[in-house]
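The values are calculated or read from the model by the stated rules, or taken from the named source; none is laboratory data. Just so it is clear, the structure is predicted and the values come from calculations on it, not from any experiment. Here the Cβ positions follow ideal geometry from the backbone for every residue, glycine too, while neighbour counts run over all protein chains shown.
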Amino acid sequence: MSQDGSIAAGLPMDAGAAGAMIGSFPLAAKRRRIDRRRLAFIALGIVLFLAIYLSPPWGDATDPVKGAVPLTREGKAALGLFGLTIVWWVAEVIPIGVTSIAIAVVQSLFLIRPAKEAFSDFMDPSVWFIFGSIIFGMVFTKTGITKRLAYKMLVLVGERTTMIYLGAFCLTAGLTLIMAHTAVAATVFPLLMAIYSLYDGDGRPTRFGKGLFIGMAFSAGAGSIITLLGAARGAVAIGFFKDIAGREISFLELTKFMAPMGVVMTLLTWVFIAVAYRPERAAMPGLRERARELYATLGPLSPTERLTLAIVGAIVVLLASQTLMPALAFLNKSAVILTGTLLFFLFRILDTDDLENMPWNIILLFGGAMSIGFCLWQTGAARWLALKWLVLFHTAPPFVFILALTVFVLIMTNFIMNVAAIAISLPVAIVMAQYLGVAPEVILFASLTAAGMPFLLLIGAAPNAIAYGSRQFSSRDFFLAGVPMTLLLLGVVALFVKFVWPWMGMPILTSPGP
């Protein structure tokens, strides 16, 4: 297009102008710089995959109960794909959603898994749950409910930007006590976007923006460990624990031991973000009064807002009731949340334009996360990794073994579903703990803590990816923020295992087994 926009406007162009424009194409191409860093990371991912895929067979892992566990050709290929995925997602060599498509393509071409399985993971109910959660956030924004919540929160927390951080993170963590952290992130995200628009009307990336949205993702994870309503991983882990250890963990018992951990990690998130992403402005003078004025202009709740709140409230109550009322367990949570989506369109709260504005890059990201997770699980690669890692510590002191398990779950939950990370590591760890005199309870709670807070990669949890939609940070920014937060988490787990949980009555050691 010419600089005056004549092509876009459909206006005629004289021959001289056209010739000049055409002649400028080679010159523009010559001036275009080659992104050597991007090419290097593309090559690194491919080389890493091929090096692992073509390497000689790797040695067996040892299961303390079942004996030798071999790594199959498909499992080794899955590990190679795992390496490629890590490099391409962190470096963002192509859009993260397109990297997700590459995951399924490689599985199909290299016969790691059948194409039907690799691609059908993108239609997994968990992906549709994320879709429905994002729809909830969109409808809150469109109806104006988000603005009401944002302005009301600003009136409460005041004008200091660090206090806005604290209010946003406490709100996010608090909502996860009664809602799945994915739904919470989708609900809070537009609220924070509304708040940020008052800080920077242009929506440009700032330190405050990075801190606000990265902190939202971190606090969603911290809050989600406190109750069984925050995520599915808790119910799955308790099921494994009952089958292996023979003891039931109640809703209140889980909350008793996890609430202090969740509160501490939420406050540490605030302190870390306030220091690492110190806002450009310490305060926004007049913000509280401005928020009051903006709230007043919204007037009373409209019929559309009331209907939206009724639908969302009913869906949230139904999802929460599933944990407390076993009779409702047959209802699939994805079907429940998508019922809300259908109602929004049936009542014309949303329309076709809203559907076309969905962040498909984020949804594809989670489709890819499901695909690589199932790939590692079904090929046996994840179990092989868990055994190889944990066997290294089978003669270690109990405290070291517990931290080693925590590290493994932390790493795995950043790359595969946290439910899968629990399913892979918890049964092996509980069996091995018997030989070290480690109580199964501490294994359960340490694993759940680690699985709930994947601070390194966007694919580790839905709130991470939803926060990425703000365009305030890159995947590299998220990773760099996640490294110190992960180290802080490990330190907190060590303190809880050594001092806090024993003081609260949790058994740490038992008499050594056979």
Practice task
Restrict the check to the range 493-505 and report whether at least one residue is part of a helix (DSSP H, G or I), charged (D, E, K, R) and within 19 Å of I226 (Cβ to Cβ).
Solution key: no
Problem - Count - residues of the range 183-209 that are within 22 Å of the chain's Cα centre (by Cα), of a type outside the set (V, I, T) and modelled with pLDDT under 85 - result: 5
Problem - Test: residue in the range 360-368 that is without any contact (Cβ under 8 Å) to a residue 40 or more places away in the chain and part of a helix (DSSP H, G or I) - result: no
Handout entry: Subset of the range 39-57 (residues that are over 29 Å from D477 (Cα atoms) and either touching a residue at least 40 places away in the same chain (Cβ under 8 Å) or of a type in the set (D, E) (or both))
Key = Y53
Problem - Where Q472 falls short, out of the listed (1) in contact with a Ser or Thr (Cβ under 7 Å, 6 or more places away or on another chain); (2) modelled with pLDDT of 90 or more; (3) among the polar types (S, T, N, Q) - result: (1)
Completion exercise
Checked the range 266-310 for anything β-branched (V, I, T) and touching a residue at least 12 places away in the same chain (Cβ under 8 Å); matches are T266, T269, I273, T304, T308
Practice task
Report, by residue number, each residue of the range 128-160 that is at pLDDT 80 or above and in contact with a Phe, Trp or Tyr (Cβ under 6 Å, 6 or more places away or on another chain).
Solution key: V139, Y151
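Table: residues versus (1) under 30 Å from L489 (Cα atoms); (2) at pLDDT 80 or above; (3) aliphatic (A, V, I, L, M).
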residue: G299; (1), (2), (3): no, yes, no
residue: L307; (1), (2), (3): no, yes, yes
residue: A310; (1), (2), (3): no, yes, yes
residue: F330; (1), (2), (3): no, no, no
residue: I349; (1), (2), (3): no, yes, yes
residue: D353; (1), (2), (3): no, yes, no
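This table checks each residue for (1) buried (at least 18 other Cβ atoms within 10 Å of the Cβ); (2) within 25 Å of G262 (Cα to Cα); (3) in contact with a Pro (Cβ under 7 Å, 6 or more places away or on another chain); (4) among the β-branched types (V, I, T).
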| residue | (1), (2), (3), (4) |
| --- | --- |
| I135 | yes, no, no, yes |
| L154 | yes, yes, no, no |
| G158 | no, yes, no, no |
| I164 | yes, yes, no, yes |
| A168 | yes, yes, no, no |
| M179 | yes, yes, no, no |
Exercise for the section: Could you figure out which of (1) out of contact with any Gly (no Cβ under 7 Å at 6 or more places or on another chain); (2) without any contact (Cβ under 8 Å) to a residue 24 or more places away in the chain isn't true of V157? Expected result: (1)
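Conditions (1) β-branched (V, I, T); (2) over 23 Å from L48 (Cβ atoms); (3) surrounded by fewer than 23 Cβ atoms within 10 Å (Cβ to Cβ), marked per residue:
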site	(1), (2), (3)
L81	no, no, no
L84	no, no, no
V93	yes, no, yes
V98	yes, no, yes
I112	yes, no, no
D121	no, no, no
V127	yes, yes, yes
T143	yes, yes, yes
Fill in the blank from the handout: When the range 58-69 is checked residue by residue, the ones that are without any contact (Cβ under 8 Å) to a residue 24 or more places away in the chain and surrounded by fewer than 14 Cβ atoms within 10 Å (Cβ to Cβ) are G59, K66, G67, A68
Practice task
Could you look through the range 388-444, keep only residues that are assigned to a loop (DSSP other than H, G, I, E, B) and buried (at least 18 other Cβ atoms within 10 Å of the Cβ), and pick out the one that is modelled with the lowest pLDDT?
Solution key: M417
Problem - Given (1) over 27 Å from D200 (Cβ atoms); (2) modelled with pLDDT of 90 or more, number of the condition D477 does not satisfy - result: (1)
